[in-house]
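Student: Before anything else, here's the structure in question.
The values are calculated or read from the model by the stated rules, or taken from the named source; none is laboratory data. Note that the coordinates shown come from a computational prediction; the quantities given were computed from them, not determined experimentally. Please note: Cβ atoms are built from the backbone with ideal geometry, for glycine as well, and neighbour counts cover all protein chains shown.
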Amino acid sequence: MAKNQHITPHPKGGWQVKGAGNSRATIRTDTQKQAINIGRSIAKNQQAELVIHRPNGQIRDKNSYGNDPFPPKG
């Protein structure tokens, strides 16, 4: 099963892409934008969800690239 990818602040500075449940970051970047681009690519490849966090840890945005539990109606 694909792991959701989280974009969070790295404890030592910068931003990280981290798979859900992983203890270590997949990659660490200088900017959130770089982390989002890498995380988006991983999420698309794994058909998972990308969860973008704010510096305080609050969820800023979510994007689903796989089996969306709440697909749009219409």
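Student: From the list P72, P55, which residue is modelled with pLDDT under 95 and either touching a Phe, Trp or Tyr at 6+ places or on another chain (Cβ under 6 Å) or surrounded by fewer than 16 Cβ atoms within 10 Å (Cβ to Cβ) (or both)? Break it down into steps so the answer makes sense when it comes.
Tutor: Working: P55 fails: modelled with pLDDT under 95.
Sole residue among the options that is modelled with pLDDT under 95 and either touching a Phe, Trp or Tyr at 6+ places or on another chain (Cβ under 6 Å) or surrounded by fewer than 16 Cβ atoms within 10 Å (Cβ to Cβ) (or both): P72.
Student: Identify all residues within region 10-24 that are under 19 Å from Q47 (Cα atoms) and not in a strand (DSSP E or B); write none if there are none.
Tutor: Of the residues in region 10-24, the ones under 19 Å from Q47 (Cα atoms) are 17-22.
Hits for region 10-24 are A20, G21, N22.
Matching residues to (1) surrounded by fewer than 17 Cβ atoms within 10 Å (Cβ to Cβ); (2) at positive phi; (3) of a type in the set (S, T, N, Q):
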position: T8; (1), (2), (3): no, no, yes
position: G13; (1), (2), (3): yes, yes, no
position: T29; (1), (2), (3): no, no, yes
position: Q34; (1), (2), (3): yes, no, yes
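Student: Let me ask something else. Restricting region 20-45 to residues that are of a type outside the set (G, A, S) and touching a residue at least 24 places away in the same chain (Cβ under 8 Å), which is nearest to P9 (Cα to Cα)?
Tutor: Going through region 20-45, the residues of a type outside the set (G, A, S) turn out to be 22, 24, 26-34, 36-38, 40, 42, 44-45.
Pick out the ones that are also touching a residue at least 24 places away in the same chain (Cβ under 8 Å) and you get 32, 36, 40, 42.
On the way: Q32: 8, I36: 12, R40: 16, I42: 18 Å.
Top of the filtered list is Q32.
Student: Mind listing whichever residues of region 15-27 are out of contact with any helix residue (DSSP H, G or I) (no Cβ under 7 Å at 6 or more places or on another chain) and buried (at least 17 other Cβ atoms within 10 Å of the Cβ)?
Tutor: Within region 15-27, K18, G19, A25 meet the criteria.
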